[in-house]
1. Taking the stretch B:60-92 on its own, how many of its residues are among the aliphatic types (A, V, I, L, M) and open to solvent by 10 Å² or more (accessible area, probe 1.4 Å)?
2. So which residues in the stretch B:28-59 are touching a helix residue (DSSP H, G or I) at 6+ places or on another chain (Cβ under 7 Å) and open to solvent by less than 10 Å² (accessible area, probe 1.4 Å), if there are any at all?
3. Take the stretch B:17-39 and flag every residue that is free of Cβ contacts under 8 Å to residues at least 40 places away in the same chain and within 14 Å of residue B:55 (Cα to Cα).
4. Give, as residue ranges, the strands (runs of 3 or more DSSP E) completely inside chain B that count at least 3 residues that are within 20 Å of residue A:65 (Cα to Cα) and at the interface with chain A (Cβ under 9 Å from one of its Cβ atoms).
5. Any residue in the stretch A:43-72 that's of a type outside the set (Lys, Arg): show its pairings with residues that are open to solvent by 70 Å² or more (accessible area, probe 1.4 Å) and assigned to a loop (DSSP other than H, G, I, E, B) at Cβ separation under 6 Å, as long as the two are six or more apart or on different chains.
6. Just the residues that are under 15 Å from residue B:7 (Cα atoms) and modelled with pLDDT under 95, please, taken from the stretch B:54-92.
Protein chains: 2
Amino acid sequence: MQSASENTVLIGKKPPMNYVLAVVTQFNNGAKNVKIRARGNAISRAVDVAEITRNRFVTDAKVSRIDIASEELSNEDGTRSKVSSIEIILGR
Amino acid sequence: MQSASENTVLIGKKPPMNYVLAVVTQFNNGAKNVKIRARGNAISRAVDVAEITRNRFVTDAKVSRIDIASEELSNEDGTRSKVSSIEIILGR
């Protein structure tokens, strides 16, 4: 059995295919669901990763849920700012 | 009665607050649902617009549906490329 965090791919600034590979690997290792998470500008890339994965590599995967939220981050100068986040759950 | 397109706000490259204002205006004009659409890099901004709208301006609005998809665009040189898109429906 895999824990929630093992099934999560956090999207950063690398090219989308790096993350697609991570998602595909999780499915190939037997995961039934993979959670794709991103914040701020990486949100667009998270959608790309989900779309590329289900259109090209894991064609029986479906989007089972998409949630959006706001997270508060602490800046270096001590102020706090809000950033949007997304969580896309792919299931097969 | 308003048609679907009247309730749609298409997100482009302007600052998020411009689009937030458009969404809030639709709700103030009596819309029960407002559709926020974006493609490519504007997807992150669409999530910002939805979050700012429901956290600060239309606090009784909820995310009723989020869809992601891939669209094919024609480039100027005649080739075609795929771009991800998002549609966020806010309802009150």
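1. The first filter runs over the stretch B:60-92 and keeps only residues among the aliphatic types (A, V, I, L, M), leaving B:61, B:63, B:66, B:68-69, B:73, B:83, B:86, B:88-90.
If we keep only those that are open to solvent by 10 Å² or more (accessible area, probe 1.4 Å) as well, we get B:63, B:66, B:68-69, B:73, B:83, B:89.
Of the residues in the stretch B:60-92, 7 are among the aliphatic types (A, V, I, L, M) and open to solvent by 10 Å² or more (accessible area, probe 1.4 Å).
2. B:31, B:34, B:36, B:38, B:43, B:44, B:47, B:49, B:53, B:58
3. B:17, B:20, B:21, B:24
4. B:62-74, B:80-91
5. A:44/B:41; A:60/A:92; A:61/A:92
6. Result: B:92, single match.
The values are calculated or read from the model by the stated rules, or taken from the named source; none is laboratory data. Remember, predicted model here, so these are calculated numbers, not experimental data. Every residue, glycine among them, receives a Cβ derived from its backbone with ideal geometry; neighbour counts consider all protein chains shown. Each accessible area value is taken on the protein alone, full model and side chains, heavy atoms only, with ligands, DNA and RNA left out. Shrake-Rupley method; radii C 1.70, N 1.55, O 1.52, S 1.80 Å.
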